[in-house]
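The values are calculated or read from the model by the stated rules, or taken from the named source; none is laboratory data. The structure presented is a predicted model; accordingly, all values stated were derived computationally and were not measured. Cβ placement follows ideal geometry from the backbone for every residue including glycine, while neighbour counts extend to all protein chains displayed. SASA here: full protein model, heavy atoms, side chains in, ligands and nucleic acids out. Shrake-Rupley method; radii C 1.70, N 1.55, O 1.52, S 1.80 Å.
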Amino acid sequence: MGVSDMNLQGVLDDIVAELSPRLGEGRVATYIPALARVEATHFGIALRTREGAEFRAGEAGRAFSIQSVSKVFSLALAMRIHGQDLWAGIGREPSGNPFNSLVQLETEQGVPRNPFINAGAIFVADRLVSSCAHPREALREFVSTLCGEEIHFDEEVAASEAATGFRNIALANFMKSFGRLENPVEPVLDLYFHQCSLAMSCAQLAHGMGFLCADGVNPHDGRQVVSHRQARRINALMLTCGTYDAAGEFAFRIGLPCKSGVGGGIVATVPDRLSLCVWSPGLDETGNSALGMAALESFVSRTGLSVF
Ligand code: GLN
């Protein structure tokens with residue numbers, strides 16, 4: 001069955017109804033006040049088909065802190081600018097470790113395993129600092145263009161990230177000590193902390209990730225964002241590395257390229273068909289949204305839309 005023949009609004013409504021008794025499951029991130037005060041009971045889900053049909057349920061229009069979901073945007077921008085050269089300094093293997101782990105960097109001489117762990121995203125931020133005169137604005141404008149509307153940083157979140165980002169500061173310094181960063185750590189971390197602070201809704205994220213299910217073309221303006229091959233590769237990295245040490249479990253239960261963030265958002269793509277985003281701030285022990293994962297599993301079993 002093609003997606004246009006499916007009752008996708010009914011599917012999203014059914015998922016909200018199915019999960020409503022479980023609202024509040026998991027634990028919200030507490031490392032900064034702006035995340036700690038978010039109620040665990042929020043839930044939103046939105047999707048956008050490749051043809052442009054949009055469906056929403058729950059709090060799909062409410063903005064939240066996208067956190068590590070931003071790593072997809074920064075990677076896409078860096079791949080667009082640097083092409084194949086980007087891969088000279090970063091791997092493409094799952095880490096099997098928590099997103100902020102330092103241990104592999106020591107044995108692997110400061111080369112991050114992949115662009116979706118924090119070390120990898122800091123490496124990507126470094127390359128964006130090298131190539132953009134105003135890296136923060138360049139990233140914000142890139143995301144806004146993908147969404148077809150202005151997207152903003154939450155400066156309170158960005159400031160808290162900087163004030164409490166001891167591990168990220170350590171990761172950046174560690175990579176710098178191996179000569180892996182081209183720039184001083186301060187501007188690199190400034191970009192990383194700001195990208196984490198982007199505030200977006202499920203509907204905006206489903207829209208902004210549309211290029212990943214459309215051969216790299218921005219559905220909003222029809223322009224090529226990244227090449228078809230690059231879009232395929234970003235999807236591959238999301239499947240294998242997008243949910244950190246839970247990537248195997250996500251592939252097993254859901255089988256879609258996914259990228260999560262500690263704000264409770266998860267974006268997923270059904271290649272060639274649709275992009276979707278679910279938000280529920282309660283996290284499991286791997287830092288992924290507990291109900292977000294349940295919602296995606298329910299979506300796949302209700303629609304049969306999975307890579308596998
Ligand atoms: N700001 C968080 C950090 O750097 C983002 C991590 C995440 O969302 N997984 O630790």
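Ordered by packing density, taken as the mean number of other Cβ atoms within 10 Å over each peptide's residues, highest first, how do 39-49, 89-99 rank?
39-49, 89-99
Please state, as a whole number in µm²/s, the translational diffusion coefficient that the Stokes-Einstein equation yields for region 1-101 at 20 °C and 1.002 mPa s, with Rh defined as the Kirkwood radius across alpha carbon pairs.
It diffuses with D of about 124 µm²/s by this estimate.
Leaving out ligands and nucleic acids, note down the accessible area per residue over region 156-241 with a 1.4 angstrom probe, in whole Å². Write out the running numbers ahead of the final one.
Numbers: 3240 Å² over 86 residues.
Per-residue value: 38 Å².
Which of the DSSP-defined H helices in the chain satisfy a minimum axial length of 15 Å, computed from C-alpha atoms, and a minimum mean Kyte-Doolittle hydropathy of 0.5?
Sorted by number, the helices that extend far enough and score high enough are 8-19, 70-82, 118-131, 290-303.
Over the C-alpha atoms of the chain, what are the Rg and the largest Cα-to-Cα span, Dmax, in Å?
Rg and Dmax of the chain, Cα atoms, are 17.8, 55 Å.
Run through region 176-239 and list the trypsin sites (Lys or Arg not before Pro) located in a DSSP loop whose Cβ has at most 14 other Cβ atoms within 10 Å.
Arg223
With every protein chain kept in place and ligands, DNA and RNA left out, what is the accessible area per residue of region 254-308? Probe 1.4 Å, answer in Å².
23 Å²
Under the classification rounded if a/c is under 1.5, otherwise prolate if a/b is larger than b/c and oblate if not, where does region 129-191 fall, given a ≥ b ≥ c as square roots of the Cα gyration tensor eigenvalues?
Values: a/c = 3.13, a/b = 1.53, b/c = 2.05.
It is oblate, given that a/c is not under 1.5 and a/b is not larger than b/c.
Quick one: go through region 211-245 and flag any residue whose amide nitrogen is under 17 Å from the point 7 Å out along the Cα-to-Cβ line of Glu150.
Taking a point 7 Å out along Cα→Cβ of Glu150, no residue of region 211-245 has its backbone N under 17 Å.
First compute the accessible area of the chain with a 1.4 Å probe, then give the percent of it belonging to carbon and sulfur atoms.
Answer for the chain is 50 percent, counting heavy atoms of protein chains only.
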